[in-house]
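The values are calculated or read from the model by the stated rules, or taken from the named source; none is laboratory data. As the structure is a prediction and not an experimental result, all values here were calculated from the model. FYI the Cβ positions are ideal-geometry reconstructions off the backbone, even for glycines, and counts take in every protein chain you see. Heavy atoms of the whole protein, side chains included, go into the accessibility calculation; ligands, DNA and RNA do not. Shrake-Rupley method; radii C 1.70, N 1.55, O 1.52, S 1.80 Å.
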Amino acid sequence: MSVRTTDVLRAGGRAGGRLTNEQNSFGVEDATPYQEWAQIMQECLEVAREKGELADGVNAHMVAEFVVAACTGMQVYSWIVSGRKNLSERAVQMWKILLPCIATPSGAAGAKVSTRRGATLVR
């Protein structure tokens, strides 16, 4: 996937996950942020499809909802086991597993997924 697309996916995943997860600490149960996050993710995946970076047959809607759910669970798990200290590593692991399944070979090869890169995106 293109640098622009991966930047948006990384930044959106971190911000969206944190905002949606923290609403529970205020006793709020609103699905809207999750749905909006999934919509943004789906739009990014459709851009990747237009650029020929998304593998044939990939359902952008299903992948977007999966990523939101995976990031939500990842944040909760990371909080419990490390106080979120290992969240970046977990996000990198997820994308390294997921990208080869949803991207074309050239799209996956072009994606730069690392904790170091992630740190530069969220500054």
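³J(HN,Hα) across segment 53-59 via Karplus (A = 6.51, B = -1.76, C = 1.60, θ = phi - 60°), whole Hz, x for Gly/Pro?
Going residue by residue, I get 9, 9, 4, 4, x, 6, 8 Hz, with x marking Gly and Pro.
Quick one: pull the percent of accessible area on segment 64-123 belonging to carbon and sulfur, 1.4 Å probe, ligands and nucleic acids left out.
For segment 64-123, the apolar C and S fraction of the accessible surface comes to 61 percent.
If you count only protein heavy atoms and use a 1.4 Å probe, how large is the accessible surface of Asp56, to the nearest 10 Å²?
Asp56 has an accessible surface of roughly 150 Å² with all protein chains in place.
Probe of 1.4 angstrom, ligands and nucleic acids ignored: what's the accessible area per residue over segment 37-123, in square angstrom?
Ligands and nucleic acids excluded, the figure is 57 Å² per residue.
List the residues whose amide H sits under 5 Å from the amide H of Leu54, counting only those 5 or more places along or on another chain, with H placed 1.01 Å from N in the peptide plane.
Placed amide hydrogens put Arg49, Thr104 under 5 Å from Leu54.
Show Trp79, Trp95 ordered by accessible area, largest first, where the area counts protein heavy atoms only and the probe is 1.4 Å.
Output order, biggest surface exposure first: Trp79, Trp95.
How much net charge surrounds Ser82 when only the other residues with a Cβ under 10 Å from the Cβ of Ser82 are counted, with Lys and Arg +1 and Asp and Glu -1? Please report the intermediate quantities before stating the final value.
Details: positive: Arg84, Lys85, Arg90; negative: Glu89.
Net charge around Ser82: +2.
Take Gln39 and Ser106, extend 7 Å from each Cα along the Cα→Cβ direction, and tell me the distance between the two endpoints in nm.
3.3
Determine by what factor the alpha-carbon radius of gyration of segment 66-119 differs from 2.2 N^0.38 Å, reporting the quotient.
1.20
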